[in-house]
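Below is one structure, written out as structure tokens; comments come after it.
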């Protein structure tokens, strides 16, 4: 929630390729040294996880389908490079993230070619971070060494939950031994920027006991960061999610409700913080030695669709189906469906589906929302200095609305600041919603 503001549902299809082109050239011309992250979306998984809402329906074991998609991706990279070099510009790409889908499902010849195409636009050896999402069911120590040799220095492993009954209910069975095998000292040393674990809170069959066992295993395996996302439930869009609680084959007939999810999160939180993990924002945790924990203490931490970051970049260039970009004060998103994506590329046009230009009010509210979500407090004077407003006047309605939160002990308003109390941390998204002028879909967690 609030990985961008306003929510994508309020973006306009009137903003297309020409607008993207103009925004990119403006950024690279006026801020040539601005750090950029290149996000590369690798479509397709070999099996559908029933909790997933990430571009659903693209499940295949066909090598031809994967390679056809990669050819389209390379064409998009080529078009992007043509725009940049045609104006004699050199973007300052400092980070790359390979997401999906399952980028670790690519075989080595396809991955080699992917790297070659990326190197046509990015100096990979000069990156401060190069990360990839890993499916432990399809990854070996040999592959991790291969990724290291390609320049990757951070991996993110999809765990979701270690409990076998939970795994069966979400159609993602992976033994803890698979993960242990990847977490040897020798392989972890290959990734100096760190190892991330992704866990989901609110899955079928999860109880405070089962999630406690999963968290204790996480502590034992000792990743640098842990993302503890609440389950994003959208069965009207992802109909397969209904399978998780259809009451068949040992699956339950319901999911943990709102209050049960909060209890699950609290149980996980207690174990992680007791074992030295720092809470970095609403639903992320990190070792105190990790760069994102240091960035939080310095007030530099940032939040986007990839999770919490160390704040080294603000601009994201996304390539691939449905990937999205943040360029200056504009958002852009590629087409969701392959036919539209392919059609745009065949016309030598970047495959932009929709976008949004942030106005002054958007920028102010985004800053307040991000600050509250990341740091659980916002200082009025800081916002006033940035934007030339009087906080109490500009946000009078919102401050009045927070009275109920104050009475419930979730928020304190004092010394010209809004502070979310420890009791209110789990409701930070709801507090942020007060400042949402668009009234995006109300947070469910």
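Would you mind ranking 161, 362, 110, 33 by Cβ crowding within 10 Å, fewest neighbours first? All intermediate terms of the calculation are to be shown ahead of the outcome.
On the way: 161 25, 362 18, 110 15, 33 7.
In increasing order of surrounding Cβ atoms, one gets 33, 110, 362, 161.
Can you figure out the FRET efficiency of residue 259 with residue 78, using R₀ = 60 Å and their beta-carbon distance, to the nearest 0.05?
Details: r = 51 Å, r/R0 = 0.85.
That pair, residue 259 with residue 78, gives E of 0.70.
If r is the Cβ-Cβ distance from residue 53 to residue 416 and R0 is 41 Å, what FRET efficiency results, to the nearest 0.05?
Details: r = 40 Å, r/R0 = 0.96.
So the FRET efficiency works out to roughly 0.55.
Between residue 438 and residue 314, what is the spin-label point distance in nm, taking each point 7 Å from the Cα along the Cα→C-beta axis?
1.9 nm
Using R₀ = 45 Å, calculate the FRET efficiency as 1/(1 + (r/R₀)^6) where r is the Cβ-Cβ separation of residue 346 and residue 249; round to 0.05. Show your work: numbers first, answer last.
On the way: r = 44 Å, r/R0 = 0.98.
About 0.55, to the nearest 0.05.
Taking the alpha-carbon centroid of each part, what is the distance from the range 362-435 to the range 179-199 in angstrom?
If we compute the Cα centre of each part, the gap is 37 Å.
How would the range 130-250 be classified by its alpha-carbon gyration tensor: rounded, prolate or oblate, with rounded meaning a/c under 1.5 and the a/b versus b/c comparison settling the rest?
Numbers: a/c = 2.17, a/b = 1.82, b/c = 1.20.
It comes out prolate by the Cα gyration axes.
Determine the calculated [θ] at 222 nm for the chain from helices alone, applying -39500 (n - 2.57) to every DSSP H run no shorter than 4 residues and normalising by the residue count; nearest 500 deg cm²/dmol.
-11000 deg cm²/dmol
Can you run the Rg to Rh ratio on the range 360-436? Use alpha carbon positions and the Kirkwood inverse-distance Rh. Can you show the working numbers first?
Details: Rg = 11.3 Å, Rh = 12.3 Å.
Rg/Rh: 0.93.
Between residue 180 and residue 386, how many nm apart are label points set 7 Å from Cα along the C-beta direction?
4.6 nm
So, in Å, what gap is there between the alpha-carbon centers of the range 244-311 and the range 8-51?
Using only Cα atoms, the two centres lie 26 Å from each other.
Considering only DSSP beta bridges with both partners in the chain, what is the antiparallel share in %, to the nearest 5? Display every interim value, and only then the final one.
Working: 27 of 61 bridges.
If I count the DSSP bridges inside the chain, around 45 percent turn out antiparallel.
In whole angstrom, how far apart do the alpha carbon centroids of the range 141-176 and the range 91-139 sit?
Centre-to-centre (Cα) distance: 16 Å.
Give or take rounding to whole Å, what are the principal axis extents of the alpha carbon atoms in the range 92-176, in descending order?
45, 25, 20
So how far apart, in nm, are the two label points at residue 361 and residue 393 if each is 7 Å from Cα heading toward Cβ?
In this crude spin-label approximation the distance works out to 1.7 nm.
On full extension of the chain, what length is gained from residue 404 through residue 165, given 0.36 nm per residue of separation minus the C-alpha to C-alpha distance? Don't skip to the end; give the middle numbers.
Values: separation 239, 0.36 × 239 = 86.04 nm, distance 4.01 nm.
Between residue 404 and residue 165, full extension yields 82.0 nm more.
Can you quote the Å³ per residue value for the convex hull of the Cα atoms in the range 237-292, rounded to an integer? Please list the in-between numbers first.
Working: hull volume 7.8 nm³, N = 56.
Normalising the Cα hull of the range 237-292 by residue number yields 139 Å³.
Taking the alpha-carbon set of the chain, what are its Rg and Dmax in Å?
Gyration radius and largest Cα-Cα distance of the chain: 21.7, 62 Å.
Each value in this text was obtained by applying a stated rule to the coordinates, not by laboratory testing. Keep in mind the model is a prediction, meaning the values are calculated, not measured. Using ideal geometry, Cβ is built from the backbone for each residue, glycine included, and neighbour counts are taken over all protein chains shown.
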